[in-house]
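The values are calculated or read from the model by the stated rules, or taken from the named source; none is laboratory data. These numbers were taken from a predicted model, which means no experiment stands behind them. Note that we place each Cβ from the backbone using ideal geometry, even for glycine, and neighbour counts take in every protein chain shown. Just the protein is used for accessible areas: all its heavy atoms, side chains included, with ligands, DNA and RNA removed. Shrake-Rupley method; radii C 1.70, N 1.55, O 1.52, S 1.80 Å.
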Amino acid sequence: MDEQNENSPLDIHIDRLTKQTGGTVPPELRTTGGDRRQEDAGPPEGLDDRRKGDRRTNRLSIVRERYLDMVLKERSLLMQQGISKSAEQLLSMTGAGSDQEASEEGVRTNATGDQLRAMLPVQSWLPLNIHLVSLEDGVLKIAPLNELSERQLANLKSTANRSSFHVDNVEIELWDRAELTSTLQSVHDLSADRTEKTLSSWLLDIDNGLLLNQFQRDMLAEALQLRASDIHIIQNFAQDAPNWIHYRIDGDLVPMHLLPSDAMARLTTLIKRDSGLNFGDRSRPQDGRFGFGWQGRNIDVRVAAGPHAQDGEKLTLRLLDRASLKSFDQLFKKHPHVGDHLAKLLSPEIKGGGGLILMSGPTGSGKSTTLYACVLEIDRRRRHVLTIEDPIEYEMRYATQWQVSSGREGLEFSDFIRSAMRHDPDYIIIGEMRDGATVETALKAAESGHTVISTIHADTAVQTLERLRSFMPSERARSSTYTLSQQIRAILNQRLVRTLCHSCAQKYPAHEVLSPDKIERLELDAHTVVHLQNPNGCDLCNRTGILGRTLLLEALLIDTPLAKRDPIFHALMENVNNVALEDGVTYYRRLDNLKSLVKEGLIDPNKALAQIDE
């Protein structure tokens with residue numbers, strides 16, 4: 001995966017010069033390919049973090065006020081139509097988070113019931129028949145259906161503290177029993193036990209449509225509770241073939257439920273019917289979608305169906321939960337320099353700044369998440385954002401979104417980009433660059449003064465430039481490369497790496513668990529405490545030792561003035577690795593990011609070394 005990155009002339013050049021200078025990045029690289037952060041002593045310890053927190057708070061307040069008057073007018077109109085939505089709900093739909101998200105400390109000591117239910121392991125609270133009301137200044141408020149013992153309360157408090165919340169006390173609220181029962185039924189959608197019980201009941205009466213519908217709902221809710229991004233369903237009519245339902249959790253497929261073929265056939269028919277597909281056709285690929293309500297949120301389920309084996313079928317359900325989208329500040333929390341550079345590009349002082357911003361990486365590396373985070377960062381009240389996608393994943397309030405129909409004449413990416421330029425956009429968001437026509441049209445759009453943001457498949461930041469050049473027709477390669485050298489502003493190449501469960505990770509001094517050569521490769525002190533994956537896990541991570549994923553970033557940030565970009569053009573034509581060494585170009589290596597994650601205890605050092613070897 002990182003072979004080209006680690007063996008590139010650029011990295012070898014930087015490593016050689018660093019060793020020659022005794023571990024100090026040479027001056028000529030401080031403004032180009034080196035990581036300038038290491039040379040800056042910075043402000044006193046803690047002050048920089050406080051400044052970042054204040055800046056995040058201020059930015060969030062600005063975003064909320066940006067759309068407030070629009071939201072209040074919309075709320076008034078909705079009320080006239082008999083639709084009740086709070087201003088907070090409408091603000092959330094614009095991408096402006098709640099006041100509780102303004103600072104890291106607020107998230108730890110304050111949380112809504114939905115946030116608690118999303119982060120606490122379901123097995124720690126659902127069997128207790130309690131409603132998680134809120135967390136306010138370290139006080140966890142719950143409404144129990146039955147009396148709880150001191151031990152149960154202590155276990156709940158302990159689990160909450162292990163889940164990144166700060167809980168000093170648990171406070172019990174007394175609710176009307178009928179109201180509490182109704183709330184429990186509407187809010188507590190599932191547990192693994194409930195899904196299995198529903199499945200068992202349905203399999204005893206397989207023609208019961210009510211139980212089938214209930215199993216489908218419990219399955220979707222269970223997947224969301226377990227943080228699954230996709231559900232894979234395989235229907236196979238061979239007698240000895242298994243019919244499994246898998247969930248993709250933290251990048252891995254996990255087998256969850258095994259069904260007989262006749263039951264699976266009924267389930268796939270129901271899903272295809274709900275998503276508007278022809279449930280009698282198993283021979284051709286089909287795409288559809290349907291909505292699903294969960295914990296007060298609307299979840300969009302995108303369904304892809306295709307043939308499998310002999311008269312079988314494969315369904316893949318992508319679960320699109322808008323609440324799971326990360327904000328711009330959350331995404332670049334560990335990469336403030338990259339975030340600041342992008343924020344500047346996304347809020348130009350004058351219209352017509354233009355430029356090309358690219359997110360690259362393999363499938364499933366979070367490119368679309370970064371793309372949507374950039375859209376949410378843009379001031380859509382004063383700027384026209386036009387997205388061109390295939391398919392549209394999330395509806396973005398106050399943005400124009402166009403759906404591409406690949407394979408149909410006049411409805412390809414390049415056709416929509418040409419049309420977009422006649423609609424006075426400030427920003428053109430392109431879901432993916434797949435062919436030469438799209439690349440050329442996007443470059444023309446950037447050259448005409450529009451800010452173009454897109455994604456492309458590439459293994460490294462430097463290879464992203466090579467990938468773009470490979471799409472250019474040979475007869476126009478030189479002119480298109482010149483336009484690229486003038487318009488490129490930033491390239492973010494990313495991966496998602498699985499993070500350790502902080503509750504059960506094993507901690508040791510580096511010299512006790514790592515050999516000297518491994519310590520040297522990771523640039524660790526022998527007495528640095530490292531975190532290793534616990535193979536047995538705990539209740540918080542579902543016994544896996546892994547909880548979530550984090551961004552592993554490599555970036556090229558280009559600040560070179562247009563009049564001084566000839567060296568970048570020549571580097572693109574002759575040796576693309578030299579681009580990162582030019583004046584005004586800052587290069588952040590993935591290797592350095594990987595080492596930082598090990599030092600922060602987010603990933604296992606052995607897994608990091610495996611990434612480096614790849």
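Scan Gln494, Gln463 and give me the residue that is in contact (Cβ under 8 Å) with a residue 60 or more places away in the chain, in a helix (DSSP H, G or I) and closer than 27 Å to Asp252 by Cβ.
Just a single option satisfies the conditions, and that option is Gln463.
Could you tell me whether any residue of region 376-384 is surrounded by 18 or more Cβ atoms within 10 Å (Cβ to Cβ) and among the acidic types (Asp, Glu)?
So far as region 376-384 goes, yes, one or more of its residues are surrounded by 18 or more Cβ atoms within 10 Å (Cβ to Cβ) and among the acidic types (Asp, Glu).
Within region 261-278, track down each residue that is open to solvent by 60 Å² or more (accessible area, probe 1.4 Å) and more than 32 Å from the chain's Cα centre (by Cα).
The answer is Asp262, Arg266.
Restricted to region 306-321, and to residues that are closer than 30 Å to Ser92 by Cα and open to solvent by less than 10 Å² (accessible area, probe 1.4 Å), which residue is modelled with the highest pLDDT?
Per the stated criteria, the residue is Leu317.
Quick check on Asn542: is it within 27 Å of Ile612 (Cβ to Cβ) and either at pLDDT 90 or above or open to solvent by 40 Å² or more (accessible area, probe 1.4 Å) (or both)?
no
Within region 549-560, does at least one residue satisfy the condition of being part of a loop (DSSP other than H, G, I, E, B), out of contact with any helix residue (DSSP H, G or I) (no Cβ under 6 Å at 6 or more places or on another chain) and surrounded by fewer than 21 Cβ atoms within 10 Å (Cβ to Cβ)?
Yes, the conditions are met somewhere in region 549-560.
Determine which single condition Val338 fails, assuming it passes every other condition in (1) of a type in the set (Val, Ile, Thr); (2) open to solvent by 20 Å² or more (accessible area, probe 1.4 Å); (3) modelled with pLDDT of 90 or more.
(2)
Yes or no, residue by residue, for (1) under 17 Å from Trp202 (Cβ atoms); (2) in contact with a Pro (Cβ under 8 Å, 6 or more places away or on another chain); (3) acidic (Asp, Glu):
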| position | (1), (2), (3) |
| --- | --- |
| Glu222 | yes, no, yes |
| Ser229 | no, no, no |
| Arg248 | no, no, no |
| Ile271 | yes, no, no |
| Phe279 | no, no, no |
| Arg282 | no, yes, no |
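Name every residue in region 447-460 that is of a type outside the set (Asp, Glu) and not in a loop (DSSP other than H, G, I, E, B), in order of residue number.
Matches in region 447-460: Thr451, Val452, Ile453, Ser454, Thr455, Ile456.
Count, please, the residues in region 577-613 that happen to be crowded, with 18+ Cβ neighbours inside 10 Å and under 23 Å from Arg469 (Cβ atoms).
Here the count works out to 12.
Name the single residue, out of those in region 415-449 being open to solvent by 10 Å² or more (accessible area, probe 1.4 Å) and either in contact with a Gly (Cβ under 6 Å, 6 or more places away or on another chain) or of a type in the set (Gly, Ala, Ser) (or both), that is farthest from Thr400 (Cα to Cα).
Taking the candidates together, the pick is Gly436.
Given the criterion in contact with a Cys (Cβ under 9 Å, 6 or more places away or on another chain) and under 26 Å from Asp300 (Cβ atoms), identify the matching residue among Leu346, Leu376, Leu386, Leu319.
Leu346
Check Lys444 against each of (1) over 26 Å from Arg64 (Cβ atoms); (2) assigned to a loop (DSSP other than H, G, I, E, B); (3) of a type in the set (Lys, Arg) and name the one condition it does not meet.
Failed condition: (2).
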